[in-house]
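For reference, the structure discussed in these notes is given below.
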Amino acid sequence: MAVLDASIVNVAIPSIRSSLHTSGAALQLIVAGYVIAYAVLLVTGARLGDRFSQRRMFIAGLAVFTLASLVCGLAWNETSLIVFRFAQGVGAAAMVPQIMTLIQRNFTGNARAKALSVYSAIISGGMVAGQVLGGLIVSADVGGSGWRGVFLVNVPIGLVLLVVAPRALPTVTERFDRKLDLAGLTVLTVAVLALVLPLVLGRELNWPVWSWISLGACVLAFAAFVAIERAVAARDGEPLFSHRVLAAPGLLLAAATLFVIMATFGGWMFVMAIHLQSTLGYSALHAGLLFIPMGVMFAITGLNWERIPDRFHARMIPSGLVLAAASMVAVGALLREGADVGPLVLVLLGLCGAGNGLAFSPLMTRTLAKVPMSLAADASGILVTNVQLGIVVGIASFGTLFLGLAGATVLSASHALGGTAIAEGVTVLVAAALSARAAR
């Protein structure tokens, strides 16, 4: 549910826009606001799990997430929906990191690698599945719910899980007296908002002076965050991004690579959803079903990459990203004149999913398998934080680029996807270069 909710709203965007009369910037905040809260609170959520037990924090986060989903479905305007989406992100941040920690501490050897592969596939595969499920829910319009159904669907599922989770999760787990880095958390939140808000709002407001000041301030805020983390470590505290965790073999490069991968992946999902429905005029169901090849191929490669001989694994990750980059650019070229989606585009979307599956799941699995058990919670929190921040930055940057290129005419809108696809392809090649270096 947590991963689906990062993308399920994409297909509902046109419906939300017409129902609540939202601006383009508000739509980006509705999508990204959830991920912002989710991302910046993940490490803190992992530490709270260590302090109060993963079982308790999972159930508490699930309860908050389910309640927030309910009020999102009842939202009366764009402001209330943005606020409730942030609340959803808080619940997800309390719930999600407990899963990774439990996997790290309860599985060993091949079983651990397999569990991590499934987890990794769900993280990214859920992004695509969200597009499909969102289209089905919006088009079904059960009881006249329309876009509200993409949030309300979480409520019965969440209630069932609240009954199942206490029985299924370990009742006794090792607990640690973990310290919280509230200063680091506050500054990181400010830094992320200072980066994302001008990217989201700047284009629509014609780039006012405050947007440039905010972008400059985000650089200072990130520098302040680094200084605070070092100060916390110097006085034997526990910084959000611990040096011991970052020093784990390959983790820093893997985190950077995952950030870039998910920035392009999240941006691509957002841009394609708008193009298919607003430019090509497809229904939410039609648009959602077109993402099935990407989801299926991602799942197949993400869950079966270990069948490929070990000697090819290092080259497999950058090769998969090159395949994904080429597929994105090709799709943009085929659709840039406003052409309908044909069989070739569906094949290319499948190749894009396969390429990402060959990169994301093995990169996360191989990295976390090298992390010492004592650092499991923080390592999982840092990697998933990077994944979620990547989605936020991708939606804000590529969404802004696409909307800026689209302009007001159908012709310019049909060319916008081609330009955005080229930018995305180049960015994915950067991720390929980073992953090749990480493999070495």
message: Cβ contacts < 6 Å: first residue at negative phi, restricted to region 265-277; second residue open to solvent by 10 Å² or more (accessible area, probe 1.4 Å) and of a type outside the set (Ser, Thr, Tyr), any location; separation 6+ or different chain. Result?
response: GLY267/PHE398; VAL271/PHE398; GLN277/PRO14
task: Give LEU253, LEU258 a once-over and let me know the one that is within 21 Å of the chain's Cα centre (by Cα), open to solvent by 40 Å² or more (accessible area, probe 1.4 Å) and under 21 Å from GLY320 (Cβ atoms).
output: LEU253
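Yes or no, residue by residue, for (1) part of a loop (DSSP other than H, G, I, E, B); (2) modelled with pLDDT of 90 or more; (3) within 21 Å of the chain's Cα centre (by Cα); (4) farther than 25 Å from LEU4 by Cα:
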{"site": "PRO156", "(1), (2), (3), (4)": "no, yes, no, no"}
{"site": "LEU162", "(1), (2), (3), (4)": "no, yes, no, no"}
{"site": "ALA165", "(1), (2), (3), (4)": "no, yes, no, no"}
{"site": "VAL172", "(1), (2), (3), (4)": "yes, no, no, yes"}
{"site": "PHE176", "(1), (2), (3), (4)": "yes, no, no, yes"}
{"site": "LEU180", "(1), (2), (3), (4)": "yes, no, no, yes"}
{"site": "ALA183", "(1), (2), (3), (4)": "no, no, no, yes"}
{"site": "VAL190", "(1), (2), (3), (4)": "no, no, yes, yes"}
message: Return the residues of region 104-136 that are free of Cβ contacts under 8 Å to residues at least 60 places away in the same chain and either in contact with a Phe, Trp or Tyr (Cβ under 7 Å, 6 or more places away or on another chain) or closer than 20 Å to TYR34 by Cα (or both); say none if nothing qualifies.
response: ALA115
statement: (1) open to solvent by 30 Å² or more (accessible area, probe 1.4 Å); (2) more than 18 Å from the chain's Cα centre (by Cα); (3) within 16 Å of ASN386 (Cα to Cα) all hold for ALA248 apart from (1)
query: Which of the residues spanning region 59-112 are outside any helix (DSSP H, G or I) and open to solvent by 10 Å² or more (accessible area, probe 1.4 Å)?
result: LEU74, TRP76, ASN77, PHE107, THR108
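What is the residue count in region 361-392 for residues that are open to solvent by 20 Å² or more (accessible area, probe 1.4 Å) and more than 18 Å from LEU434 (Cα to Cα)? Steps first, answer last, please.
Quick first cut of region 361-392, residues open to solvent by 20 Å² or more (accessible area, probe 1.4 Å) only: 366, 369-370, 372-374, 386, 389.
Okay, now just the ones that are also more than 18 Å from LEU434 (Cα to Cα), so 369-370, 372-374.
Final tally of qualifying residues: 5.
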message: Where the second residue is surrounded by fewer than 18 Cβ atoms within 10 Å (Cβ to Cβ) and the first is not assigned by the TED database to the domain that holds GLN131 and lies in region 295-315, which pairs have Cβ atoms under 6 Å and are six or more apart or on separate chains?
response: none
query: If you go through region 203-212 one residue at a time, do you hit one that is open to solvent by less than 60 Å² (accessible area, probe 1.4 Å) and without any contact (Cβ under 8 Å) to a residue 12 or more places away in the chain?
result: yes
message: Need pairs with beta-carbon distance below 9 Å; first residue outside the structural domain of LEU389 (by the TED database) and more than 25 Å from ALA369 (Cβ to Cβ) and within region 89-101, second modelled with pLDDT of 90 or more and of a type in the set (Val, Ile, Thr); sequence gap 6+ or separate chains.
response: VAL90/VAL64; GLY91/VAL64; GLY91/THR66; ALA94/VAL64
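The values are calculated or read from the model by the stated rules, or taken from the named source; none is laboratory data. Quick caveat, the model's predicted, so the values are computed rather than measured. Heads up, the Cβs are rebuilt from the backbone with ideal geometry, glycines too, and the neighbour counts pull from every protein chain shown. The protein model used for the area step is the full one, side chains on, heavy atoms only, and it has no ligands, DNA or RNA in it. Shrake-Rupley method; radii C 1.70, N 1.55, O 1.52, S 1.80 Å.
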